Amino acid sequence: NTIEEKVDGDKVALFSKSDSKPGAKGMAKADIEQVAKEWLEQYKGAAGVRVLVGNNQAEINEVLQMVGADIPGDGQTINAVYLPGYNTLLLNAEAIPTAERARELMRHEVLVHHGLRAVVGDDLYITILEAVKRGERIAGIKDAYYQVASNYADMHQDKQAEEVFAHWAENQPE
């Protein structure tokens with residue numbers, strides 16, 4: 001899974017690509033909606049983020065088109081899309097096989113990409129990213145560093161650090 005950031009003026013979309021093929025058998029939309037509802041309750045609304053679930057990639061693309069965001073190319077299936085300008089996370093039911101994977105995606109997208117800066121403020125956010133940049137050899141973060149280094153080599157160092165933190169958070173127990 002990799003993240004792509006598409007920027008078109010003030011329209012930004014962070015895509016979490018899936019290894020699934022279009023039409024894959026994921027979870028039912030209603031089941032993911034229930035997982036998201038319970039997860040948001042656990043995190044007390046997660047700083048006001050809205051989670052929407054589409055049945056499939058076509059429905060996700062429809063929402064992206066409605067908000068003027070780029071649609072992933074080459075028939076790529078995505079797990080999730082975070083739209084920072086709308087405080088909205090889109091989850092693709094056909095690409096998410098389990099409730100645990102849905103929770104991992106929400107931790108990654110919501111707790112870090114959406115919530116970290118909103119919750120801790122700019123100064124502490126920068127402090128956290130600087131600590132992550134220095135923590136390359138820390139056991140719990142090392143694997144995330146390798147994953148980000150292989151998938152995001154052309155990204156700015158601050159965005160890479162945010163991705164490291166997001167991957168680390170994604171893999172933490174509830």
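The conditions are (1) closer than 23 Å to residue 28 by Cα; (2) at pLDDT below 75, and residue 135 fails exactly one of them. Which is it?
Of everything listed in (1) closer than 23 Å to residue 28 by Cα; (2) at pLDDT below 75, residue 135 misses just condition (1).
Would you be able to say whether some residue in the stretch 155-168 is within 16 Å of the chain's Cα centre (by Cα), at positive phi and in contact (Cβ under 8 Å) with a residue 12 or more places away in the chain?
Looking for residues that are within 16 Å of the chain's Cα centre (by Cα), at positive phi and in contact (Cβ under 8 Å) with a residue 12 or more places away in the chain, one finds none in the stretch 155-168, hence no.
Among the residues of the stretch 38-54, is there at least one that is β-branched (Val, Ile, Thr), out of contact with any His (no Cβ under 7 Å at 6 or more places or on another chain) and assigned to a helix (DSSP H, G or I)?
no
Looking at the stretch 103-136, which of its residues are touching a residue at least 60 places away in the same chain (Cβ under 8 Å) and of a type in the set (Asp, Glu)?
104, 109
Has the stretch 13-33 got any residue that is open to solvent by less than 20 Å² (accessible area, probe 1.4 Å), modelled with pLDDT of 85 or more and touching a strand residue (DSSP E or B) at 6+ places or on another chain (Cβ under 9 Å)?
The answer is yes; a qualifying residue exists.
I want to confirm something. Restricting to the stretch 57-72 and keeping residues that are assigned to a helix (DSSP H, G or I) and hydrophobic (A, V, I, L, M, F, W, C), which single residue is surrounded by the fewest Cβ atoms within 10 Å (Cβ to Cβ)?
Checked the stretch 57-72; the qualifying residue surrounded by the fewest Cβ atoms within 10 Å (Cβ to Cβ) is 66.
I need a count of the residues in the stretch 89-102 that are without any contact (Cβ under 8 Å) to a residue 40 or more places away in the chain and either out of contact with any Leu (no Cβ under 6 Å at 6 or more places or on another chain) or under 9 Å from residue 32 (Cα atoms) (or both).
Residues that pass the stated criteria total 2.
The values are calculated or read from the model by the stated rules, or taken from the named source; none is laboratory data. From a predicted model like this one, the values you see are computed outputs, not experimental measurements. Every residue, glycine as well, gets a Cβ built from its backbone with ideal geometry; the counts of neighbours run over all protein chains shown. Surface areas here come from the heavy atoms of the whole protein model, side chains and all, with no ligands, DNA or RNA. Shrake-Rupley method; radii C 1.70, N 1.55, O 1.52, S 1.80 Å.
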